[in-house]
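> Right, I'll just put the structure down here and ask away after.
Only the coordinates and a few stated rules stand behind these numbers; no lab work does. All values derive from a computational prediction rather than experimental measurement. Neighbour counts run over all protein chains shown; Cβ positions are idealised from the backbone, glycine included.
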Amino acid sequence: MYFFHTDEDRKQMLAAIGVESVDALIASQVPAPVRMQRMLELGPPLTELQLEQRARELAKKNVSLDSHLCFMGAGAYDHFIPAVVDAIASRGEYYTSYTPYQAEVSQGNLQVMFEYETLITQLTGLDVSNASLYDGGSAAVEGVLMALGVSPARRRVVTTEGVHPEYRQTLDTYVAGIEAEVVTVDLDPQGTSSACLEAIDETTACVLIQHPNFFGCLEDVEKISAAAHRAGALVIQVFDPISLGMLKRPGDLGADIAVAEGQSLGNRLAFGGPYLGIMACRQDLVRRLPGRIAGQTTDRRGNRCWVLTLQTREQHIRREKATSNICSNQTLLALRATIYLSLLGPEGLRETATHCWQKTEYARRSIARCERFELLHSGPTFKEFAIRDRAGDVAGLFEHAVKQGILPGVPLGPFWPEHDDCLLVAVTESRTRAEIDRWTQTLAEAPVSGALSHA
Amino acid sequence: MRNKQHTQLLFELSRPGRRAHRLGAVDVPSADPATALPANALATSLPPLPELAEGDVVRHFTNLSTLNMSVDTHFYPLGSCTMKYNPKRNERLASLPAMADVHPLQPGETIQGMLEILCELQSLLAEISGLPGVSLQPAAGAHGELTALMVAAAYFRSRGEDRPVVLTADSAHGTNPASAAMAGLETKTVKSDSRGLVDLQDLRRQLDEKTAVFMLTNPNTLGLFDSQIEEITAAVHSAGGLVYLDGANMNAILGITRPGDFGADLMHYNPHKTFSGPHGGGGPGAGPICVRDFLAPFLPSPIVVKRGSQYVLDHDRPQSIGRVRSFFGNVGVLLRAYFYIRSHGGEGLRRVSEDAVLSANYLRSRVKHILDVPHGDSCMHEFVASAARLKKEKGLTAMDLAKRLLDYGFHAPTVYFPLIVPEAVMAEPTETESKETLDAFAEALFRITDESSETVHQAPHSTAISRPDDVRAARQPIVRWSEPS
């Protein structure tokens, strides 16, 4: 516990206030009928040592990447995090500060925000970026809300099965209370969203597309953008930041708004959060951007400096007319992404993307040679691909792999009942050839347990 | 002492050919992207990111960090933000590989320790709030507000009631009306009375069969506990509406009173405030919500439940509003909250609030000789003073005071909020500051009012920059670096 006041302090403080006790102070504020008559039951307080013991005992009950090889992805990836990221981000000057309301004593954070925004525009090929949103899912939804705001007469949102299912579930939740219709198109056998071209019409506000998509497959964003723009709709692309070391940028493909999960950029998996919602857009949409934005200006002495700007978009000024309700955001994760991208540079990004792609190709070719498995989609992929277990025993497969020290992929059954015999497999730069071989062999040799196979 | 070379922008420090991170050769047989991938997908050039050496990166960000004030370095009495000490032990424990290197889609059997903590945290938050239904999913306080309003809307839909209106107090955080708008609800504002409390008559006048929720901050943003709380909640309930508690100020009432006991039906916590998760320069936070049992079926999915000896993620909740984000939640922040609560226990948490209240009242008793405190004779964990008289008499504004305090080595209080107090100065000292620090702060404030107006108007004098031109930043926005032409 972290208290300061000694009994003597309390005595002096109460005397200065002119009350007898803290209880009397509280009684002057909180009416008696609603005051608690007992202590909260939260267990006994733990000392630092006891807390450490409790945490370590619980930690032992988790399988983690410390002990297991990770082939799981689906929007959260085991990318390598250089030591510099942790060393800098664990400085108290960063992580124990808050929103830079006082620019004079927040130039560190503000300059990092400005650098982050610039890096995201360089990465996406779009004009402006905000300083962060919560995560990839809520960023995708904020993108859709922006588009609906641009054209109030257009209420149709076209999306596809290739967009992360949890992002689409989040979208469904958000649109339940507002007037909008979400149309979701199926994937073709290649694993791409070619059918979304037919779904775009004159009432469409936007197309929400993911490329590379949830299954790792490459969408033809250029073609979809062209069709959307002809119909007067905006294009929101969910992208993978790492892929941009090999693939064209969202801005170059015609996306108007680009959103991403920024966990890949130097942030730990942490069972789902905190993560980093990335959002960039075209210049003409800047006043509709949600969230904080740092901008450049000069101080009274003429020095270049940075401040929070365009705040008339935000809730503390505009209240119910704000572009979003977001207040606290993910600055610390954006700092980590900024450090990460500074360390990588263009060549490091290319190398990371290339490692991911080459290793994924190798894993894909290797597993496709095993009789038990087939590829779910025939089209090209980036760092992820789905396989079908002809024996239909994904649960048994997973259990077996975990025993061998491997998290073999993400079972797709919870998202698509018809794919309950499939695993989504991600291979990052962190995996070695020997580890990939071990993964292939483990899956190939897994016993088929329990129920009858589909084959 | 200041290193101006390395605090240039990353893009200005960049030199073609510098590198930090390297992976080396790929160790698998190579495929050819040009034949394996469609030509129109492949980039023809790389994103123009800066090129830096590792030493550049470390020196750049280390020097930049020294331009920030933070809780680790300074007293940070930013009202409404609860800038308390962030325990180092929580940082270490939340960073254990078996906590921080866990994939979000790992099956329940492989994360029993994690689920046990999260399940226990749900119970702890329920006990502290007096509201039994808990969702840990929302990513921030504002996100919790939105989620809770969606829960309320789903509840009314399930009863076939058309209640499109949310009432918010005029002293409320801006997130309240913004969240209501995002949930597709209409906002109306309830006035404060001359005491700074909810104007009960105005509330009663506006409550009707269209009212879904009254959003209340209690203690409110003036740091006052609303003494009419029982009448307020009874009035809302008798109109068929629900009471939402904005939990931003929970640091004032831990173990003293519970939202569920004073009539709130839904609430959010800000664990990055109340339970010491660090503020991260603006985030991450988290925004867990607690609700009454009849609202629990509508909470987002999944929630953690214990079945026999196993902890599981329960997705099978047919009335749930669904997801409000991807994956489980801001787990790193939630773990820190868990460690914080377990470090204190019930008695410890009550002392947190008692000391926070004591410190705020002590500081108030010292400041009131310098600035007017227009509302109340005492306060809870924070108070709002006004520089209006100082402005009239000496031409010094709340902003001037805030800026000059920086020279004295103090972060400024929140200024110009809440909107109902002119020249508002909102100070929240928290329980993790000493009497000496509070004395020094009051002393500085006193000395500032004695200084020449010119000195104060031009403050701060000791910081890297002073009085940036906000108007220019907004009128001619430069929100990214561009290559000089």
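> Against the longest alpha carbon principal axis of chain A, how many degrees, from 0 to 90 and to the nearest 10, is the axis of helix A:394-403 turned?
Its long axis makes an angle of about 60 degrees.
> Here is a further query. Once the other residues with Cβ under 11 Å from the Cβ of A:Thr160 are scored (Lys, Arg +1; Asp, Glu -1), what is the net sum?
Around A:Thr160, the charge tally is -3.
> Something else: Using the beta-carbon distance between A:Met39 and B:His461 and R0 = 60 Å, what value does 1/(1 + (r/R0)^6) give for FRET efficiency, to the nearest 0.05?
Efficiency, from the Cβ-Cβ distance: 0.75.
> For the charge dipole of region A:7-54, defined by +1 on Lys and Arg C-beta atoms and -1 on Asp and Glu C-beta atoms about the Cα centroid, which residue among A:Gln12, A:Met36, A:Leu49 has the Cα displaced farthest towards the positive pole?
Projecting each Cα onto the dipole axis, the largest value belongs to A:Met36.
> Between region A:220-244 and region B:298-358, what is the separation of their alpha carbon centroids in Å?
Between the Cα centre of region A:220-244 and that of region B:298-358, the gap is 38 Å.
> Give me the net charge for the shell around B:Lys88: Cβ to Cβ below 15 angstrom, other residues only, Lys and Arg +1, Asp and Glu -1.
On the way: positive: A:Arg91, B:Lys84, B:Arg89, B:Arg92, B:Arg336; negative: A:Glu48, A:Glu52, A:Asp86, A:Glu93, B:Asp72, B:Glu91.
Once positives and negatives cancel, what remains is -1.
> While we're on this one: If you take each beta carbon of peptide B:26-37 and count the beta carbons of other chains within 10 angstrom, what is the mean?
If you average over the peptide's residues, the count of other-chain Cβ atoms is 6.
> Obtain the nm distance between the two label points defined at B:Arg92 and B:His369 by a simple spin-label model: each point lies 7 Å from its Cα along the Cα-to-C-beta direction.
The modelled label-to-label distance comes out at 4.3 nm.
> What is the list of residues in region B:52-85 whose amide nitrogen lies under 19 Å from a point 7 angstrom out from the Cα of A:Asn303, following Cα to Cβ?
Within reach of a label on A:Asn303, which here means backbone N under 19 Å from a point 7 Å along Cα→Cβ, region B:52-85 contributes B:60-70, B:74.
> What is the angle, in °, between the Cα long axis of helix A:48-59 and the longest principal axis of the Cα atoms in chain A? Nearest 10 is fine, range 0 to 90.
The two axes meet at around 20 degrees.
> Report relative contact order for chain B in percent, whole number only (criteria: Cα-Cα under 8 Å, sequence separation at least 6).
Averaging sequence separation for qualifying contacts and normalising by length gives 18 percent for chain B.
> Taking the Cβ-Cβ separation of B:Asp170 and B:Ala39 as r and a Förster radius of 51 Å, what is the calculated FRET efficiency to the nearest 0.05?
After rounding, the FRET efficiency stands at 0.30.
> May I ask for the net charge around A:Gly149, where only other residues with Cβ less than 15 Å from the Cβ of A:Gly149 are counted and Lys, Arg are +1 while Asp, Glu are -1?
+3
> Related question: Quick check: residue separation of B:Ser227 and B:Asp261 times 0.36 nm, minus the Cα distance between them. What number comes out in nm?
10.8 nm
> How much length is gained if the chain between A:Glu20 and A:Val182 is pulled fully straight, taking 0.36 nm per residue apart and subtracting their Cα-Cα distance, in nm to one decimal?
Working: separation 162, 0.36 × 162 = 58.32 nm, distance 6.19 nm.
This chain segment gains 52.1 nm when fully extended.
> What is the average number of partner chain Cβ atoms found within 10 Å of a Cβ in B:90-97?
5
> In nm, to one decimal, how far is the A:Ala444 label point from the B:Ser30 one, both placed 7 Å along Cα→Cβ?
2.5 nm
> Still on this structure, please answer the following. Assuming R0 = 56 Å, what is the FRET efficiency of B:Glu454 and B:His315, from their Cβ-Cβ distance, to the nearest 0.05?
Working: r = 64 Å, r/R0 = 1.14.
Using R0 = 56 Å, I get an efficiency of 0.30.
> Checking the cross-link filter: which lysines have an alpha carbon closer than 16 Å to that of B:Lys188, excluding same-chain neighbours under 8 positions apart?
A:Lys321, B:Lys210
> Among the GluC sites (Glu not before Pro) within region A:18-96, which fall in a DSSP loop and have no more than 11 other Cβ atoms within 10 Å of their own Cβ?
Within region A:18-96, the qualifying GluC sites (Glu not before Pro) (loop, at most 11 other Cβ atoms within 10 Å) are A:Glu20, A:Glu41.
> Can you give the angle from 0 to 90° between the axis of helix A:7-17 and the longest principal axis of chain A, with both taken from C-alpha atoms, to the nearest 10?
Relative to chain A, helix A:7-17 is tipped by roughly 70 degrees.
> In peptide A:112-119, what is the residue-averaged number of other protein chain Cβ atoms found within 10 Å of each Cβ?
Values: counts 8, 3, 6, 9, 2, 3, 9, 8.
Mean partner shielding for this stretch: 6.
> If we count other beta carbons within 10 Å of each Cβ, what is the order of A:Arg364, A:Arg38, fewest first?
Fewest to most other Cβ atoms nearby, the residues stand as A:Arg38, A:Arg364.
> Then there is this: Which number comes out as Rg/Rh for region B:89-344 once both Rg and the Kirkwood Rh are worked out on C-alpha atoms? Don't skip to the end; give the middle numbers.
Numbers: Rg = 18.0 Å, Rh = 18.5 Å.
So for region B:89-344, dividing Rg by the Kirkwood Rh gives 0.97.
> What nm distance separates the two modelled labels at B:Ser123 and A:Glu198, each placed 7 Å from Cα along Cα→Cβ?
That separation, rounded to one decimal, is 5.4 nm.
> Among DSSP beta bridges lying fully in chain B, give the percent that are antiparallel, nearest 5.
Around 50 percent of the beta bridges assigned by DSSP in chain B are antiparallel ones.
> Looking at the protein assembly as shown only, what percent of DSSP beta bridges run antiparallel? Nearest 5 please.
If we restrict to bridges inside the protein assembly as shown, about 55 percent are antiparallel.
> Using only the Cα atoms of region A:299-448, what semi-axes does the equivalent ellipsoid have when each is the square root of 5 times a gyration tensor eigenvalue? Give whole Å, largest first.
44, 22, 13
> Report the paramagnetic label zone for B:Ala440: residues of region B:35-71 whose backbone N is under 20 Å from a point 7 Å from Cα along the Cα-to-Cβ axis.
Residues passing the 20 Å test: B:66-71.
> Based on other C-beta atoms within 10 Å, arrange B:Trp481, A:Trp357 from fewest to most.
On the way: B:Trp481 19, A:Trp357 26.
In increasing order of surrounding Cβ atoms, one gets B:Trp481, A:Trp357.
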